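Notes for the one structure printed next.
No lab work stands behind these numbers, since they all come straight from the coordinates. Computed from a predicted structure; not experimentally measured. Methodologically, a virtual Cβ is constructed for each residue, glycine included, from the backbone with ideal geometry; neighbour enumeration extends over all protein chains shown.
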Amino acid sequence: MSIKNKKHKQTAWKKNRRFGDKMGGRMRLKLHDNIFKREHSFTAPTELDETPIFMVDNTSRDYYYPIDTDDVKDVLNQYPTDETDFITHIWLRKHISHNPKHDTLSSYIWGSRVYLICLYPLRKDRTHYLGKQKPIGKTLHEYEKYAKIIEKKDGFYAQFTDGTAKKYYLEILLPYCINGLNSIKPR
């Protein structure tokens, strides 16, 4: 048997020869493995773009945003312009983890002339998991102004009302992110 007549097995990524199809890679997007980390793919806005750029994700059925973009704009207008004019994006973003015990309510990210504030939704039952052990006094004091601390069999939770959840986002989470970005902003 000669080598020329022997049919070689082709690997799966080499079989497709149609024009326009990619060779190898994914045929459909799999977002659960974080192949696309959108917060790291933002580009800096141009001079013609109005900043901050607002983005609002659709939440799942178990979550909601206690605030909207108008509320965020009102809070930003209360700050001096030199403390907020460099913020490029504000993202009301859905949770990326599927474990509600590991959900955070806010974060901020910066880099390559992008300064991003992410605000995450609250559970529809208006609870936020604080941990298995009772939180320290400073954390309790911060939450007790806006929520009732309740203990369940799996840990401690902050129980908000609709009004107090909105106040917590606008008076604690958003200023925390603005102040965090101000500490690293360009001078």
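So here's what we get for this one:
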item	result
Separation of the residue 171 and residue 97 label points, Cα + 7 Å toward Cβ, nm	2.7
Stokes-Einstein D for the range 51-95, Kirkwood Rh over Cα pairs, 25 °C, 0.890 mPa s (µm²/s)	211
Inter-centroid distance (Cα atoms) of the range 109-187 relative to the range 42-80, Å	17
Reduced Cα scattering model of the range 79-153, Debye log10 I(q)/I(0), q = 0.12, 0.14, 0.17 Å⁻¹	-0.48, -0.63, -0.84
Under 5 Å, built H, 5+ apart or other chain: amide partners of residue 115	88, 89
Nearby aspartates and glutamates by direct alpha-carbon distance to residue 185 (threshold 14 angstrom, same-chain neighbours under 8 apart not counted)	82, 83, 85
For the range 82-96, 3J(HN,Hα) per residue [Karplus equation, 6.51 cos²θ - 1.76 cosθ + 1.60, θ = phi - 60°, Hz, x = Gly/Pro]	5, 8, 10, 6, 8, 5, 9, 9, 10, 10, 7, 10, 6, 5, 9
Long-range HN-HN contacts of residue 108 with modeled amide H, under 5 Å	118
Over the range 69-117: Kirkwood hydrodynamic radius from C-alpha pairwise inverse distances, Å	12.6
Efficiency of FRET from Cβ geometry, residue 69 and residue 41, R₀ 22 Å, rounded to 0.05	0.55
Cα-Cα over 21 Å, subset of 94/132; 94/166; 138/167; 124/167	94/132
